[in-house]
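Following: one structure in C-alpha cells, then a few remarks.
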Amino acid sequence: MKLFDKNALPPKQEALCFANENLAEWNARIPLTDAEKADIERLKTKEEYFIQRFLTLLPFGTAGLRGEMVPGCSAMNRATVALTTLAMAETVLEAGGGDKGIIVGFDSRLHSAEFARLAAEILAVKGIRVYLFDELRPTPELSFSIRRLGCQAGINITASHNPKKDNGYKVYWNDGAQLPPEQAKQVAAKAMSMDFWAGLEIAAKFDAAAQKNLHILDRSADEYYFDTLLSLRIIPDLPAGAKDISILYSPLHGAGYRIVPEILRRAGFTRVTSVPSQATPDGTFPIAAKPNPQFPEVFEPGITLAKETNASLIIATDPDADRSGLALQNADGSFVTLNGDQIGILLLDYIIKGRLLSQSMPEKPFVIISIVTSPLVDRICEQYTIPLYHVYTGFKYIGEKIREKEDFGGETCIFAYEESHGYLPGSYCRDKDGVAASLLIAEMAAFHSTQGMTCADAIDAIYAQYGYIGDFQDAIIIHAADPMIKAAIIMEKLHQNPPVEFDGVKVAHINDYLSSTRTCLTTGHVSPITLSSDNVISFELTDGCRITARPSGTEPLIKFYYSIPAKNQKAALVRRHAFKAALESMME
C-alpha cells in the first residue's frame, strides 16, 4: 500500500492511479463482496472521496479513530483496527507499560466484539498483558478499570452515539483519561510508517503462547464499579418511600442494558422498567436510528409506555453508556425532554445542596464545565463560592483539569459536565459516565419528592432564583469532498473577519481561542486567554447573549452554541431562530 498524508497528496491523476493500485491490493488481500464492489464503483464517480478512501489513513487523534465500516485505508475495518493496534502496542512498550497492560472493551455496534478480540490478540502477540471484557461494557467502566487495575492504557471499540454505519476506536492512557496529545501523535506517526498489512500479519501469529497474555474480565469485575458508584450517592439514606418512583430506562440498544438497571436496583429503586423495544443490545439500532439521548425522538417509545404505566421519569443512555438523557412529566401529564445543560444544572444544584445537607462537602471542592456550557453554572457556583474551571469541549480536557487540580493540587472534583449530555460526579474515572448520571438522576428525583417537588419544579425554581437562560445549539453539516477542510476554511473566515453584530445586536467582546485573545470592541483592548490555542470563537453581545462556534472533532460539521438570557423559553427561542438565520446567511 502506498499511502499519503491527507494534506500532501500527489496530483489528482497520479493520486487516482495510486488509489486504484491500492484497491487492487486490497481485493487481493481481503476479497471484496459484490455489494462492496458496487459501492466502490459508485465512490469512483466522486474522485476526491475515492482518493481519500484508498490513499490516506483514517485520522488518529486524542479520541482515537471514528469512521464508516467499509473497505479502505481511511475507514473502520479489520485492517485499520489491526494497524492502529500495532502502533498502539509499540507506543505502550516504549513507555514501559507492557507488564501493566492494556484493557480492551466494546459496545453493541456491528463488528465491535470482533474488532475488540482482534486488538486483544495483537497486543497479546506483542507480549503485552491484555484484559478483555467478556461482553459489552459501558465506556466509563473501562476508564474506571484502567485506574483500578493500574493499566498503562485502554482501548474501547465504540462510535458512541454515531449512526449504525460507523464504528470507532477510543483510546485511553494510564490515568483513565483519553490519550494525551504526545502519545496520540506517536501512535499516528507509527501507523503511518508501518506497512499497512503489518497489524493483520501480527494477528495471524496468535497462538497458545500469546493466549497466556490474554485475561478475560467477567461480570465479577463489575462489582468494583458498582461499589464505587454506590459510594458516590449524595444522600444514600433517603426514606424508602421516596425511592418508590416509577422509572423507565432505555439503553438505546447499547451497553447500559444490564448495568444501569442493576445499579438502580442496588440503590433501592425497585420500580425500574426497561423500554422493551430498545432494551436489547443491537448494533442496527432498529428503534433508535440516531441512538443519541440528545435527540427527543429517541424517547418516543418510552413516553408512549410511560403514559400507559404512569411512570414520571424516563432515562436514556447512548450505545456506550457514557451520555445520558432525561424526559420529565409536566403537571398536565405531557412529557418534555431536557437538554444537556438543563440536566447538568439540575444535577449540580442537587449535588451542592445535598452535600451541604449531608455534611459531605469536601474541604476544597471544585466544578469543571466546558466553555460552551450554560452561564447559569457560573451563577450557581458563585452563589456557593465553589471554584469553577472552564475548559474546551471534550472530556479529555476535563480529565486533564482533574489531574491538574486533584492529583497535584489537593482539590476535589464534585462535578464536571459538558452540554452534550456528558456528566461525571467525581474523579473515580476520567470520562463522562452515563451510568453514574442515571443513578444520580434517580436519587435527585427521589430527593425532590421528599420536598413535595418534581424535577420539573426544581428546574423552575433554579430559573426563578438565578434568572432564565436559554441554552441551545445548531449544527451546520458540511458537504464536500473533504468536509473537514471546508469546515476549517469557514472557521478561518470567522477568525479573520469576525461579524460585529448578530440580528441587529452589537458584539461587545470576541473571545478568539485560536489566537488566545479577548477583544473589547468598544475600547479595542485586547487581553490574553489562559487556555491553550484551539479553533473556537465566541461572541458576547451587548444584551448578554453569547454565540460560540467550533468545528466538530469527529463529524463534518460546525456547531453553534447559544446562551440567551430571556424572560422565558419562548422568548429565548425567538432570539435563537434569528441568530441561526443570521449565521446561515454568513455561511453562504
If a residue has to be among the hydrophobic types (A, V, I, L, M, F, W, C), in the same structural domain as G340 (by TED's automatic domain parsing), out of contact with any Lys or Arg (no Cβ under 8 Å at 6 or more places or on another chain) and over 25 Å from D378 (Cα atoms) to count, how many in the stretch 440-483 make the cut? 0
Options E400, E411: the member that is of a type in the set (D, E), over 14 Å from G340 (Cα atoms), at pLDDT 95 or above and in the same structural domain as P261 (by TED's automatic domain parsing): E411
Pairs returned, first residue in the stretch 459-485 that is over 21 Å from R576 (Cβ atoms), second residue that is among the acidic types (D, E), beta-carbon separation under 6 angstrom, 6 or more apart or interchain, are A481/E48
If a residue has to be in a loop (DSSP other than H, G, I, E, B) and without any contact (Cβ under 8 Å) to a residue 12 or more places away in the chain to count, how many in the stretch 307-352 make the cut? 2
Within the stretch 281-297, is even one residue part of a helix (DSSP H, G or I) and surrounded by fewer than 24 Cβ atoms within 10 Å (Cβ to Cβ)? yes
Mind checking which pairs have a first residue in the stretch 565-584 that is assigned by TED's automatic domain parsing to the domain that holds R550 and a second that is basic (K, R), Cβ under 7 Å, 6 or more apart or different chains? A566/R575
Is it the case that the stretch 177-194 has a residue that's touching a residue at least 40 places away in the same chain (Cβ under 8 Å), closer than 19 Å to I103 by Cα and more than 26 Å from the chain's Cα centre (by Cα)? no
A careful count of residues in the stretch 105-124 that are without any contact (Cβ under 8 Å) to a residue 60 or more places away in the chain and among the hydrophobic types (A, V, I, L, M, F, W, C) gives 5
Failed item, numbered, when Y224 is tested on (1) of a type in the set (F, W, Y); (2) surrounded by fewer than 18 Cβ atoms within 10 Å (Cβ to Cβ); (3) not in a helix (DSSP H, G or I): (3)
Consider P10 against the criteria (1) out of contact with any Leu (no Cβ under 7 Å at 6 or more places or on another chain); (2) buried (at least 17 other Cβ atoms within 10 Å of the Cβ); (3) assigned to a loop (DSSP other than H, G, I, E, B): it satisfies all of them except one. Which criterion is unmet? (2)
Name the single residue that is farthest from P498 (Cα to Cα) among those in the stretch 530-567 being among the polar types (S, T, N, Q) and at pLDDT below 95. T554
Scope the stretch 471-497; condition in contact with an Asp or Glu (Cβ under 8 Å, 6 or more places away or on another chain), crowded, with 16+ Cβ neighbours inside 10 Å and assigned to a loop (DSSP other than H, G, I, E, B); matching residues: D482
Unique residue being farther than 12 Å from P71 by Cα and either in contact with a Gly (Cβ under 9 Å, 6 or more places away or on another chain) or not aromatic (F, W, Y) (or both) when the list is K37, K2: K2
Tally up the residues in the stretch 543-585 that are assigned to a loop (DSSP other than H, G, I, E, B), closer than 30 Å to G64 by Cβ and in contact with a Ser or Thr (Cβ under 9 Å, 6 or more places away or on another chain), please. 2
Quick check on my filter: what residues within the stretch 71-120 are among the charged types (D, E, K, R) and either within 18 Å of L142 (Cβ to Cβ) or in a loop (DSSP other than H, G, I, E, B) (or both)? D99, K100, D107, R109, E114, R117
Of the listed residues (F60, F54), the one being modelled with pLDDT of 95 or more and under 30 Å from L179 (Cα atoms) is F54
State whether the residues of the stretch 97-112 include one that is closer than 26 Å to S420 by Cβ, surrounded by fewer than 22 Cβ atoms within 10 Å (Cβ to Cβ) and either within 22 Å of the chain's Cα centre (by Cα) or of a type in the set (K, R) (or both). yes
Check off (1) surrounded by 23 or more Cβ atoms within 10 Å (Cβ to Cβ); (2) closer than 21 Å to Y513 by Cα; (3) of a type in the set (V, I, T) for I371 and give me the number that stays unchecked. (1)
Which residue, of E47, E36, is surrounded by 14 or more Cβ atoms within 10 Å (Cβ to Cβ), at pLDDT below 95, over 19 Å from M194 (Cα atoms) and outside the structural domain of L83 (by TED's automatic domain parsing)? E47
Mind listing whichever residues of the stretch 373-411 are in contact with a strand residue (DSSP E or B) (Cβ under 6 Å, 6 or more places away or on another chain) and of a type in the set (G, A, S)? S374
Scan of the stretch 243-268 for residues that are buried (at least 24 other Cβ atoms within 10 Å of the Cβ) and assigned to a loop (DSSP other than H, G, I, E, B), ordered by number: P251, L252, H253, G254, A255
Looking at the structure I just gave you, is R66 among the basic types (K, R) and either part of a helix (DSSP H, G or I) or modelled with pLDDT of 95 or more (or both)? no
Which residues, taken from the stretch 517-534, are out of contact with any Asp or Glu (no Cβ under 9 Å at 6 or more places or on another chain) and either within 16 Å of R550 (Cα to Cα) or not in a loop (DSSP other than H, G, I, E, B) (or both)? T517, C520, V526, S527, P528, L531, S532, S533, D534
T80: in contact with a Leu (Cβ under 6 Å, 6 or more places away or on another chain) and among the polar types (S, T, N, Q), yes or no? yes
Return the only residue of R147, R129, R117, R137 being surrounded by fewer than 20 Cβ atoms within 10 Å (Cβ to Cβ) and under 30 Å from E404 (Cβ atoms). R147
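The values are calculated or read from the model by the stated rules, or taken from the named source; none is laboratory data. A quick note: this is a predicted structure, and the numbers were derived from the prediction, not measured. With ideal geometry, Cβ positions are generated from the backbone for all residues, glycine too; neighbour counts draw on all protein chains shown.
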